[in-house]
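Working notes, structure below.
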Amino acid sequence: MRKVEVCPYNEKWATMFLNEAKKLHEIFTTEIIEIYHIGSTSVPRLKAKPIIDIMPVVKNVSAVDNFNEQMKAIGYVPKGENGIAGRRFFQKGGDNRSHHVHVFQNGSQEIVRHLAFRDYLRVHPVERENYAELKEKLAAQFPYNMEAYIQGKNDLVKEIEERALGWYSGK
């Protein structure tokens, strides 16, 4: 059973992203357009579950299925779309997750959503702190219930996301 753990920001997360991005570049080669560090570990000073979220942007998301064996060879479990149409999702680390890879095809609105959320929290410290406080509270309240933790964040995430998208489009 996975424990919901929220930790203080760790400077090593950026290096962990870079190391894994290099491996993904080697696997996906010419299919890759860009690889982004997303999620809470990509936001300095934000408390987070210590799981590195990585978002490769590819030319053709269907072609990603051809790389499942190579992803397995470096420790990932392919999960298909895993609830989001047009995505390919991989997780690493079993119950002690270390990485999530969310692959989207160039032009997907999911790319903008993730980047807007990340960049907005990077420059809005009050929003970042409110989000961190809620995550800590929920992790304490639901230490072994990941679904309840995620559901508890949902309303605030949607609110921040809406503000972030408006802010991002005006940049």
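The values are calculated or read from the model by the stated rules, or taken from the named source; none is laboratory data. Bear in mind that the values here come from a model prediction, so they are computed numbers and not experimental data. Positions of Cβ are generated from backbone atoms using ideal geometry, with glycine treated the same way; all protein chains shown enter the neighbour counts. Ligands, DNA and RNA are excluded from the accessible area calculation, which covers all protein heavy atoms including side chains. Shrake-Rupley method; radii C 1.70, N 1.55, O 1.52, S 1.80 Å.
Below is a table of values for the structure above.
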read-out	value
The chain, accessible surface, carbon-and-sulfur percent (1.4 angstrom probe)	50 percent
Net dipole in debye of the range 1-144 [+1 Lys, Arg Cβ; -1 Asp, Glu Cβ; about Cα centre; nearest 20]	260 debye
Fluctuation leader among ARG128, ARG87, ARG97 - the chain, Gaussian network, Cα springs under 10 angstrom	ARG97
Summed residue charge, Cβ within 10 Å of HIS114's Cβ, Lys/Arg positive, Asp/Glu negative	-2
Size of charge dipole - the range 121-171 - debye, nearest 20, with Cβ of Lys, Arg +1 and Asp, Glu -1, no other charges	180 debye
About the Cα centre, charge dipole magnitude for the range 105-149 (Lys/Arg +1, Asp/Glu -1 at Cβ), debye	80 debye
Kirkwood-type radius of the range 38-107, with distances r between different C-alpha atoms, in Å	12.7 Å
Three-way shape call for the range 22-64 based on the alpha-carbon gyration tensor, with the a/c threshold at 1.5	prolate
Under 12 Å, Cβ to Cβ, from GLY75 - net charge with Lys/Arg +1 and Asp/Glu -1	+3
Percent of beta bridges antiparallel (DSSP, the range 47-171, rounded to nearest 5)	65 percent
Equivalent-ellipsoid semi-axes of the range 1-160, from the Cα gyration tensor, Å, largest first	26, 17, 15
Most positive-pole-ward Cα, TYR144, TRP167, TYR131, against dipole of the range 129-171 from beta carbon charges	TRP167
Between helix 12-28 and the chain: long-axis angle, C-alpha atoms, 0 to 90°, nearest 10	20 degrees
Peptide ranges 43-50, 109-116 listed from the most packed, as the mean C-beta count within 10 angstrom indicates	43-50, 109-116
Net +/- balance of residues flanking ASP95 in space, Cβ distance below 9 Å, scoring K and R +1, D and E -1	+3
MRE, 222 nm, helices only [DSSP H, n ≥ 4, -39500 (n - 2.57), over the chain, to nearest 500]	-15500 deg cm²/dmol
Accessible area (Å², per residue) of the chain, counting only protein heavy atoms and a probe of 1.4 Å	52 Å²
Whether the range 129-171 is rounded, prolate or oblate, judged on the alpha carbon gyration tensor where a/c under 1.5 counts as rounded	prolate
Cα coordinate range in the range 64-143, projected on the principal axes (Å, largest first)	43, 33, 20
Positive dipole terminus of the range 1-118, leading residue within LEU46, PRO56, PHE67 (C-beta point charges)	LEU46
Cα gyration tensor shape of the range 80-127, rounded if a/c is under 1.5, else prolate or oblate by comparing a/b with b/c	oblate
The range 66-139 and the range 1-64: distance between their alpha carbon centers, rounded to Å	7 Å
